[in-house]
1. Picking from A226, A149, A28, which is most flexible by a Gaussian network model of the chain using Cα springs under 10 Å?
2. Using the charge dipole of the chain (Lys, Arg: +1 at Cβ; Asp, Glu: -1 at Cβ; taken about the Cα centre), state which of A199, A64, S86 has its Cα farthest towards the positive end.
3. How much length would be gained if the chain were fully extended between T277 and A212, taking 0.36 nm per residue of separation minus their Cα-Cα distance, in nm to one decimal?
4. Averaged across orientations, what area in nm² does the convex hull of the alpha carbons in the stretch 156-288 project?
5. How high is the FRET efficiency from R44 to T157, r the C-beta distance, R0 25 Å, rounded to 0.05?
6. With just the Cα atoms defining each centre, how far is the stretch 47-61 from the stretch 111-172? Give it in Å.
7. Quick check for you: which residues of the stretch 242-278 have the amide N under 19 Å from the point 7 Å beyond the Cα of R34 toward its beta carbon?
8. Which net charge results for the neighbourhood of K75, defined as the other residues with beta-carbon distances under 9 angstrom from its beta-carbon, given Lys and Arg at +1 and Asp and Glu at -1?
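Just so it is clear, none of the values below were taken in a lab; they were calculated from the coordinates. This is a predicted model, so every value here is computed, not measured. Glycine gets a Cβ as well: all are built from the backbone with ideal geometry, and neighbour counts include every protein chain shown.
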Amino acid sequence: MTQTPFGETFRFNVWDDEAGDGLGFTLADPAASRLDLEVAAVERPQVLAFAPEVPNGGAMLVLAGGGYTQLMLGKEGVEVALWLNSLGYHAFVLVHRFPDAAGGPQAPVDDAGEAMRLIRVRAPGLGVDTGRVGVLGLSSGGHLAACLAAAYPDAWTAPASAAPAQSARPDALVVAYGPISTNAAGRAVVADKPPLEPAQKQALYEALQPDAALMADPPPAFIVYAASDPVVPVENGLRLQRAYLDRGGHAELHVFAEAPHGFALRTPDLPVGAWPTLCARWLEAVGV
C-alpha cells in the first residue's frame, strides 16, 4: 500500500471495501503537518483506520468538519483519532464525498452509512464488539454524525451496500458544534440567511434535519457546543437535545460560555478544554 502522511494502520475504500492503491482525495497543501492537513476534493471516499496500543473492544467513526466543501482532516480527523486511540478505541476517519453536482445532496450520508457497515464487517477481526461502534462528528461532521441517528429521507434512493446485513446505526453519538438544523429554510437562527452554496449542500440540510427526523430509540448522545459560537449557533445543540428528550433518549448536553468555532481538541486552557475528559467518562459510562 502506498505510504501516506497520516500514519494510519490501514485504509480502505468505502464502496469496494478494498485497500486503496493510492489516495482517493486531494490535499489542499500536502506539505502541511499531519495534524493540519485539509482535504480539498474527494474522488473516491476512503476510511483511514488507526489502531490503539491497548484496545478496549470499542470503535469510533470520526467525521471531520469543513462545511461540506472541504475536510479538516488533520485537526478534526487524525488528531481526534489519536486521542480516541489513547482511550483504547479503534478509530476510523472517513474522507467522504461532498454534496455537489456529481454525487448529489446525499453523497456524504451514504458514505458515512456504508463506512459504519464496513467497520462492523471488520470488527471481529480487530477484536471490536459490533455492539460498541460509535460515531464522533465535529462541525459539519457533527451534522453528518447525527444523520446516522435519523431517518433516511424517503425521497432518496440508497445505493446498494456491500454489507447489507450490517447496521449503519451508531451505538453512541458524539456531536461537537454541528449545524443540526439551523441551515434549513424556515429554521435558521440568523435572520435573512441566504441559501448555502453549492445548491446540493443546501438541499442536504433541507432534506435531513436530524432533530426533526431522529429515529425511535436513538443511541445515547454526548453533545458539546459553545454559546459564543459565531458560526454554528448553540440552538443547534439545544434542538438536538430536545429531540432526544421528546423521544425518551439519553442525551448529555454541555454548553460552554466561550470558545471559538472549531475548538476541537485545541483549547486546553479554556473551560471547554475539559470536554474530551467529560466525553471519555461518558463513553465509559454508556458502555461504548
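1. Of A226, A149, A28, the most mobile in the Gaussian network model is A28.
2. Ranked along the dipole, the leading option is S86.
3. Working: separation 65, 0.36 × 65 = 23.40 nm, distance 2.95 nm.
Full extension from T277 to A212 adds 20.4 nm.
4. Numbers: hull surface 39.4 nm².
Its Cα hull, projected and averaged over all orientations, spans 9.8 nm².
5. On the way: r = 21 Å, r/R0 = 0.83.
With R0 = 25 Å, the Cβ-Cβ based efficiency is 0.75.
6. 15
7. Label zone hits: 265-266.
8. Details: positive: R266; negative: D36, E38, E76, E79.
Net charge around K75: -3.
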